[in-house]
Structure formats: C-alpha cells, structure tokens
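Here the structure is laid out as structure tokens; the discussion comes afterwards.
The values are calculated or read from the model by the stated rules, or taken from the named source; none is laboratory data. From a predicted model like this one, the values you see are computed outputs, not experimental measurements. Don't worry about glycine lacking a Cβ; one is built from the backbone with ideal geometry, like all the others, and counts go over all protein chains shown. Only protein heavy atoms, including side chains, enter the accessible area calculation; ligands, DNA and RNA are left aside. Shrake-Rupley method; radii C 1.70, N 1.55, O 1.52, S 1.80 Å.
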Amino acid sequence: MLYVLINKKNGVIMRMEARDTSDGEYSGNVSYTLNESKGAFFVAESEAQAKKVIRQDSHWYNSSSEHPCHGNVKVSELEVKELVYSK
C-alpha cells in the first residue's frame with residue numbers, strides 16, 4: 001500500500017519540491033520540501049513513514065525524498081491517507 005499526506009482544510013495532496021543547493025556551503029546536496037503546488041506528489045511506502053514525516057521535521061540539508069522538510073506547511077493541518085487507485 002502507498003500513503004499520501006493531505007491538507008485536512010482544503011483536501012490538497014502534498015507535493016515535494018526538490019531544489020539544488022550546490023551553490024551553498026553543502027555543495028552537491030539537494031533539499032526536499034513539502035508544499036501544495038510544486039514538484040512530485042509525496043508518496044510513502046508505509047503509514048508509519050508518512051506519520052514520521054508529520055512528527056519530525058528534517059533540516060533542509062538532511063532532507064530526502066523519503067523525509068522532506070516541512071517548509072511553510074502547517075503539519076497540524078496534515079493527515080495520512082491511503083492512496084487508492086484503480087485501473
């Protein structure tokens with residue numbers, strides 16, 4: 001099963017923007033930040049992983065596609081939902 005983060009107030013599925021940070025002091029890094037409009041949808045492989053993203057913010061230099069930083073997202077407005085799809 002796959003899981004997404006949803007904004008409880010407006011129903012928007014959270015996305016994750018990847019940004020090149022190689023011009024900073026940590027050259028070669030990419031930062032990943034949650035948002036509502038840019039990048040790929042954030043999809044977790046387990047409910048536990050999705051809940052961990054809500055509970056624990058990552059610093060931009062420690063962020064990853066599996067654990068993006070919160071950015072300007074209010075995590076109190078997020079909930080985990082199972083991604084349901086059909087053919």
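Details
- Enumeration of residues in segment 22-41 that are surrounded by 13 or more Cβ atoms within 10 Å (Cβ to Cβ) and without any contact (Cβ under 8 Å) to a residue 24 or more places away in the chain: Val30
- Evaluation of Arg19 against (1) in a strand (DSSP E or B); (2) surrounded by 15 or more Cβ atoms within 10 Å (Cβ to Cβ) (one fails), failing number: (2)
- The set of residues in segment 42-78 that are open to solvent by less than 60 Å² (accessible area, probe 1.4 Å), in contact with a His (Cβ under 8 Å, 6 or more places away or on another chain) and farther than 16 Å from Tyr3 by Cβ comprises Ser58, Cys69.
- In segment 51-81, of all residues being touching an Asp or Glu at 6+ places or on another chain (Cβ under 9 Å) and part of a strand (DSSP E or B), the one that is nearest to Arg19 (Cα to Cα) corresponds to Cys69.
- Comparison of Val84, Val53, Val80 shows that the only residue that is closer than 19 Å to Val12 by Cβ and in contact with a Lys or Arg (Cβ under 9 Å, 6 or more places away or on another chain) is Val80.
- Residue that is nearest to the chain's Cα centre (by Cα) [pool: residues in segment 1-25 that are farther than 16 Å from Ser58 by Cα and acidic (Asp, Glu)]: Asp20
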